[in-house]
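Enquirer: Here it is: the structure, laid out below.
Coordinate-derived values only; no laboratory data. None of the values given here were measured: they were computed from a predicted structure. All Cβ positions, even for glycine, are placed from backbone atoms using ideal geometry, and neighbour counts span all protein chains on display.
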Amino acid sequence: MSSAKGSKLFASDRKSIIIMLTISLFALGVTAGVLLAYQQFTRSAIPNLIAEKDAIQLAIKEGNWDEQSLNDKKIEATLLHVKANGFSFIVDKTALHDTLTLYHSQFPNYEGQYIWIVSITAPNNRDWGYVIDATNGEILMQP
């Protein structure tokens with residue numbers, strides 16, 4: 001009799017173990033599914049973008065700058081990803097992800113695009129700015 005009683009007790013424990021394993025595996029599967037969906041839907045597809053040096057060369061060519069006229073000027077290029085309502089996030093140039101830093105100007109006409117902002121600044125703070133489409137190198141705005 002004691003062996004029959006023992007097997008009933010073990011059967012009850014086995015059923016509990018199977019239920020716990022089933023719930024654990026289901027929770028693990030749901031968690032993995034949610035993480036996969038998050039990764040797929042939050043990762044934006046980065047198009048093939050022109051390099052920073054190429055954007056600078058396009059701005060120099062567009063402005064008819066030469067080496068002599070640029071020798072005392074500072075040249076900076078900033079890559080932006082324009083979002084809804086023209087708000088732009090500065091893009092990390094090496095990893096090509098949006099940072100949490102908003103750019104100080106809005107670009108509502110270029111929503112959803114990547115753009116280079118090339119600034120040429122003279123010592124007297126005179127500034128020339130060029131907006132360049134980062135996917136095809138088209139000059140969008142100039143001074």
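Enquirer: For K83, go through the aspartates and glutamates and keep the ones whose alpha-carbon is under 12 Å away, minus same-chain ones fewer than eight residues off.
Expert: Answer for K83, where 12 Å is the Cα cut-off: D98, E111, listed by chain and number.
Enquirer: Next question. Once the Cα atoms of helix 52-62 and of the chain are each reduced to a long axis, what angle between those two axes, in degrees from 0 to 90 to the nearest 10, is obtained?
Expert: It works out to around 30 degrees.
Enquirer: Cα to Cα, under 20 Å, and not fewer than 8 places away if on the same chain: which aspartates and glutamates meet these conditions relative to K74?
Expert: Within reach: E52, D54, E62, D66, D127.
Enquirer: Continuing with the same structure: If one takes the longest principal axis of the Cα atoms in the chain, at what angle in degrees, from 0 to 90 and to the nearest 10, does the Cα axis of helix 2-42 lie?
Expert: Once rounded, the angle reads 10 degrees.
Enquirer: Would you list, by chain and number, the lysines whose Cα falls below 20 Å from the Cα of K15, excluding same-chain residues fewer than 8 positions away?
Expert: Cα-Cα hits under 20 Å: K5.
Enquirer: How much length is gained if the chain between N125 and L70 is pulled fully straight, taking 0.36 nm per residue apart and subtracting their Cα-Cα distance, in nm to one decimal? Intermediate values should be presented prior to the final figure.
Expert: Details: separation 55, 0.36 × 55 = 19.80 nm, distance 1.38 nm.
Full extension of this stretch gives 18.4 nm more.
Enquirer: So if a site counts as exposed when it's one of the GluC sites (Glu not before Pro), its DSSP state isn't H, G, I, E or B, and it has at most 15 other Cβ atoms within 10 Å, what's the longest stretch of the chain without one?
Expert: Numbers: sites that count: E111, E138.
The segment 1-110 is the longest one with no such site.
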